[in-house]
Amino acid sequence: MNSRNPHWDVYTRLIHWLIAIPVILNYFLETGDMPHKVVGYLSLFGLLLRALMGIWSQGTANFKNLPLKKEEVKKFLQFLFDRKFQAYPGHNPLASWTYIFIWLNVLFLGISGFMMGMDQFWGLDWPEDLHRFFSYTMQVLLFLHLLGLALDSIKYKRVSFLAMITGKK
Amino acid sequence: MKTLLFGFLMISSLSYAETKCTTEPTSKWKDQETFKKDLEKTYTIKKFKVTPGNCYEIYGFDKAGKKIEIYFNPVDGSIVKQR
């Protein structure tokens, strides 16, 4: 993997869809039903794999390599407005922050969902309210994710949407 | 890109699939308090609600202490869904 022609390896892509597809599916599967729960836990499993990858992998998937610092974000915003070309081998600063919030959101959906099924919280409103709240923030984050991809497409003149399928950035 | 965003918005409006129990007007529904009191002979009720799908729904425990979630038809009191 190099900066000239970066790509997402097959594990990154598989794990991405293992998290993403269940999240989207669960908007259609009735809450509380077994399919909804099983699918939700699939997403959590994908998240676990992504966490392991973030700790152990050598490349851009490693959490240490995410450009999260304030200076990086400022530099990236500057470059967006200056129209100067700058390629990131992995995720850009704004994308990195969005993904952290997405991963946390999936985690909180999973935790609140699990709590809804526990005897101690059975019938209580607040675990359900929490779960519903995170389903709304998930939609907002998804929108930001798609918006970022669209802007990436326009900026770098590439079909960014396909990158997580074909691997080519 | 616009089509994708539009499509996503359209899809999200279809979300939250729902159990539906009746299309009858609420005037035909059993009185909530009486119905709930009746159910309390069989179940410990933690929550009683009217769902957007026109069901009486309870969360609670049966006599054996097992968790139950039951959707009732509010007109005749029959069980529509139980888990």
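For the reader, a short list of remarks on this structure follows.
- Filter result for A:Gly113 (within 14 Å of another protein chain (Cβ to nearest Cβ) and either outside any helix (DSSP H, G or I) or open to solvent by less than 40 Å² (accessible area, probe 1.4 Å) (or both)): no
- Residue count for segment B:68-81 under the criterion of being of a type in the set (D, E, K, R) and touching a Lys or Arg at 6+ places or on another chain (Cβ under 9 Å): the result is 2.
- In segment B:20-71, the qualifying residues are those that are of a type in the set (Asp, Glu) and under 13 Å from the mean Cα position of the chain (by Cα), and the one that is nearest to A:Pro127 (Cα to Cα) is B:Glu69.
- Pair list, Cβ < 6 Å and 6+ apart or interchain, from segment B:26-38 residues that are modelled with pLDDT under 95 to residues that are assigned to a helix (DSSP H, G or I): none
- Which listed residue is under 18 Å from the mean Cα position of the chain (by Cα) and open to solvent by less than 30 Å² (accessible area, probe 1.4 Å), from A:Val10, A:Val39: A:Val39
- Residue that is touching a residue at least 60 places away in the same chain (Cβ under 8 Å) and farther than 30 Å from A:Gly123 by Cα, where the choices are A:Val10, A:Val23: A:Val10
- Residues satisfying the stated conditions in segment A:137-169, i.e. hydroxyl-bearing (Ser, Thr, Tyr), more than 16 Å from A:Ala20 (Cβ to Cβ) and within 11 Å of chain B (Cβ to nearest Cβ): A:Ser153
- Search result, residues across segment B:40-83 that are within 14 Å of chain A (Cβ to nearest Cβ) and of a type in the set (S, T, N, Q): B:Thr44, B:Thr51, B:Gln82
- Note on segment A:121-136: residues that are surrounded by fewer than 16 Cβ atoms within 10 Å (Cβ to Cβ) and either more than 11 Å from chain B (Cβ to nearest Cβ) or of a type in the set (Asp, Glu) (or both) amount to 4.
The values are calculated or read from the model by the stated rules, or taken from the named source; none is laboratory data. Being a predicted model, the structure only gives us computed values, none of them experimental. Neighbour counts run over all protein chains shown; Cβ positions are idealised from the backbone, glycine included. Just the protein is used for accessible areas: all its heavy atoms, side chains included, with ligands, DNA and RNA removed. Shrake-Rupley method; radii C 1.70, N 1.55, O 1.52, S 1.80 Å.
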